[in-house]
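Heads up: the structure comes next, in structure tokens.
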Amino acid sequence: MSEEMKSQDSDNDSELEESDHMDDDDDYGGYYDNDTGDLDIDKPKKSDDPEYFEYELLEIEDVERFLNEEVEVLHSTLQIQPGLAKMLLLAHGWRKDYIIDRCKKEPDRLLIDSRLMPERKVTEQIFGNSAICSVCLLRRPQDYFYSLSCGHSFCGECWDEFCQVRIQQGVTTGIECMAKDCNILVPEDFLCSVMQKPELRDRYSQLSFSDHVKSHPDLRFCPGANCPIIVRAPVCKAKKVECSRCKTTFCFKCGIEYHAPTDCDVIKKWLTKCADDSETANYISAHTKDCPKCHVCIEKNGGCNHMQCSKCKYDFCWMCLGDWKTHGSEYYECSRYKENPNIANESVHAQAREALKKYLFYFERWENHAKSLQLEEQTLHKITSRIHEKVMNNTGTWIDWQYLLDAAHLLKKCRYTLQYTYPYAYYMEKSARKQLFEYQQAQLEAEVENLSWKVERAEITDRGDLENQMDIAEKRRQTLLKDFLEF
Amino acid sequence: MANIAEARIKREFKEVVKSEEVAKCHIKVELVNDTFTELRGEIAGPPDTPYEGGNFILEIKIPDTYPFNPPKVKFVTKIWHPNISSVTGAICLDILKDQWAAAMTLRTVLLSLQALLAAAEPDDPQDAVVAKQYKENPKIFQDTAKHWTHVYAGGPNRTPELDAKVAQLSGMGFDANKVRVALSSHSWDAERATEYLIS
Ligand SMILES: [Zn+2]
Ligand SMILES: [Zn+2]
Ligand SMILES: [Zn+2]
Ligand SMILES: [Zn+2]
Ligand SMILES: [Zn+2]
């Protein structure tokens, strides 16, 4: 990322900070009073959709053309060989202006920093008409020797073999001189001149293309398995990209699964922690729990966390086993972790226990939403086949029932965001901002569960009621992202 | 084995390994079999170090892609050193990894290892326990390294106090090598070493 971009980002940070809704808690109540408009009319505009991101999906040929254009700019501006231009671009993250500027001011320094020119050139003199190559230790005629700009000479056979070995090891743009303590890079045209067998050229091209894409801040390989698509975006931000080819969604900035509102570093930390602590957290994975009232064993089969005991009809929350009545409306407490206020005075042992408790609290919710998402995927399939049935029986058309599918899709989207609010909250310092976050998280959680409840009972739910619930849930999601997702 | 690798090792034997300079520094390379893929190295412990007088055997494996990739080297002789595993003999040395260059030879490797014995790099450790002792308790480190050199590498410098401690715990029925590791790792505190051996 360039310096300018960085400073832009931090500007945005401070804007976000300023626009915090840091009013009194009392104000939260009236927050969504007017949110009953129609879904279509209220669809977020580009400018105020916190998840809006401009990008294009490119094929390999498009990207090759694009990279060549970049090279061409440098080639024509600085009058340098395209091969050299490409190496400079690779070494400096494709910042053309920076390279042009430095090339005009201090061309030698630029080449040295780019590992294309040595600090000091060695003068290895070859006396007579032959010399010993220090790699194969064989005596070779003088015209067998080749060297890079550093002057370290080796015989052509050794260069050839060396380049082959490196390419087979997957190294291409990073192949260095064979001399000790010399890191001068081997340019492509040099490599082509010493490599006798053309078989490895294709492999070289593929690998170096991949290096070029990876080094370019505007380009990202689609992480989908064997997917050839490359995403190009004018700015490198942690926003959602969806590949139309393989349907993978991912974060443009870091290339892993999309993770709003959590940012790239935090999600990486969280995922590593989850992997490290998987043993500890294993006991949670049970799919069944006992009804808190009549203790009959209840299996969770839908994604909804609002459970109803099949025997005693008690409504409770799957997460905290509390009475659902206290969850649905006023103040949803289940998503908020209550830290022990005296923890600083406790023993190290107690602190460790508290830390684990805190982690498990967030992990349990994170894991639970992930599981709910899987179950809701099944609901989606069920709905699809139900609609199919209805259409076949001439009870309405696809268009009539489309709203059920929309509801299931929206539910997935909302729960996905909800899942990723937990790592965010886990790493958040205790503050007024965290309070606001947890308030909005709780609001979202409540509405997601309401929506989930209604989607699972879609056929007996009034269409207007369902659509209204969709609207509310999506609004909650948007509000949270608007306040906490970096623009 | 690739042509260049084999030809190169043969030439190294002829021109480099058997040179007089090599003999002077007390380093040596021998063939283990006639395939040139596995060699046996030997280095003498450098003077004025706890390794002085010891003779350290190395296992050297030559990869197919030698000399474009480094040889795989580890200590066969047990040694107490921050950059060498006291358990496996694995070595942490830059030229055996990313700093290797095709123009280096076995001679370079052996001389570098000898230099490593003379000047450890505890900030890039292979054996964390040894490195910690090296930094925090240099006297105990020196004695321990000397003791190991005497026991495993035939070094002439005895450490009678440490020998006695090993003998005492071995007398309780523990394996002498395990006792030595336990004592060395616990600053020669017999009580803690015993605890470690029992657990
Ligand atoms: Zn050669
Ligand atoms: Zn060089
Ligand atoms: Zn894709
Ligand atoms: Zn990311
Ligand atoms: Zn019940």
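The values are calculated or read from the model by the stated rules, or taken from the named source; none is laboratory data. Predicted, not measured: the structure shown is a model, and the values here were computed from it. Note: ideal-geometry Cβ built from the backbone for every residue, glycine included; neighbour counts use all protein chains shown.
Cβ separations smaller than 9 Å between residues 6+ apart or across chains give the following pairs from the range B:161-180 residues that are under 13 Å from B:Trp148 (Cα atoms) to residues that are among the basic types (Lys, Arg): B:Leu162/B:Lys146; B:Leu162/B:Arg180; B:Val166/B:Arg180; B:Asn177/B:Lys78; B:Val179/B:Lys165; B:Arg180/B:Lys78.
Residues are listed down the side, and each one gets a yes or a no for (1) within 24 Å of A:Ser134 (Cα to Cα); (2) modelled with pLDDT of 95 or more:
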{"site": "B:Val32", "(1), (2)": "no, no"}
{"site": "B:Phe36", "(1), (2)": "yes, no"}
{"site": "B:Pro50", "(1), (2)": "no, yes"}
{"site": "B:Phe56", "(1), (2)": "no, yes"}
{"site": "B:Pro63", "(1), (2)": "yes, no"}
{"site": "B:Tyr66", "(1), (2)": "yes, no"}
{"site": "B:Lys78", "(1), (2)": "no, yes"}
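Scanning the range A:358-409 for residues that are surrounded by fewer than 16 Cβ atoms within 10 Å (Cβ to Cβ), in contact with a helix residue (DSSP H, G or I) (Cβ under 7 Å, 6 or more places away or on another chain) and among the small types (Gly, Ala, Ser) returns A:Ala370, A:Gly396.
When the range A:134-163 is filtered for residues that are in contact with a helix residue (DSSP H, G or I) (Cβ under 7 Å, 6 or more places away or on another chain), buried (at least 21 other Cβ atoms within 10 Å of the Cβ) and more than 8 Å from every other protein chain (Cβ to nearest Cβ), the ones remaining, listed by number, are A:Leu148, A:Cys155, A:Trp159, A:Cys163. The residues of the range A:149-188 that are more than 36 Å from the chain's Cα centre (by Cα) and assigned to a helix (DSSP H, G or I), listed by number, are A:Gly156, A:Glu157, A:Cys158, A:Trp159, A:Asp160, A:Glu161, A:Phe162. The residue of the range B:64-99 that is nearest to B:Ala153 (Cα to Cα), among those that are touching a helix residue (DSSP H, G or I) at 6+ places or on another chain (Cβ under 8 Å) and of a type in the set (Phe, Trp, Tyr), is B:Trp80. A:Gly83 fulfils the conditions (1) at pLDDT below 95; (2) over 21 Å from A:Glu176 (Cβ atoms) except for a single criterion, (2). When restricted to residues that are without any contact (Cβ under 8 Å) to a residue 24 or more places away in the chain, closer than 24 Å to B:Phe13 by Cβ and within 16 Å of ligand 2 (Cβ to nearest atom), the range A:135-171 contains 1. From (1) among the β-branched types (Val, Ile, Thr); (2) over 26 Å from A:Glu157 (Cα atoms); (3) more than 16 Å from ligand 3 (Cβ to nearest atom), pick out the condition that doesn't hold for A:Val241. Among (1) among the β-branched types (Val, Ile, Thr); (2) over 26 Å from A:Glu157 (Cα atoms); (3) more than 16 Å from ligand 3 (Cβ to nearest atom), the lone unmet condition for A:Val241 is (3). Residues in the range A:217-227 include at least one that is under 28 Å from A:Leu67 (Cα atoms) and among the aromatic types (Phe, Trp, Tyr).
Taking the listed residues A:Lys390, A:Lys325, A:Lys313, A:Lys358, the one that is at pLDDT 70 or above, away from ligand 4 (no atom under 16 Å from the Cβ) and either under 29 Å from the mean Cα position of the chain (by Cα) or within 14 Å of chain B (Cβ to nearest Cβ) (or both) is A:Lys358, with no other qualifying.
With a requirement of 1 or more residues that are at pLDDT 95 or above, away from ligand 2 (no atom under 16 Å from the Cβ) and more than 14 Å from chain B (Cβ to nearest Cβ), the helices (runs of 4 or more DSSP H) lying completely within the range A:199-301 that satisfy it span A:199-215. Return the residues of the range A:89-133 that are in contact with a strand residue (DSSP E or B) (Cβ under 6 Å, 6 or more places away or on another chain) and within 14 Å of chain B (Cβ to nearest Cβ); say none if nothing qualifies. A:Glu124, A:Ile132, A:Cys133, listed by residue number.
In the range A:69-148, counting only strands (runs of 3 or more DSSP E) that sit wholly within it, none holds 2 or more residues that are over 25 Å from B:Tyr66 (Cα atoms).
Taken together, the criteria place B:Gln126 among residues that are of a type in the set (S, T, N, Q), more than 14 Å from chain A (Cβ to nearest Cβ), assigned to a loop (DSSP other than H, G, I, E, B) and surrounded by 14 or more Cβ atoms within 10 Å (Cβ to Cβ).
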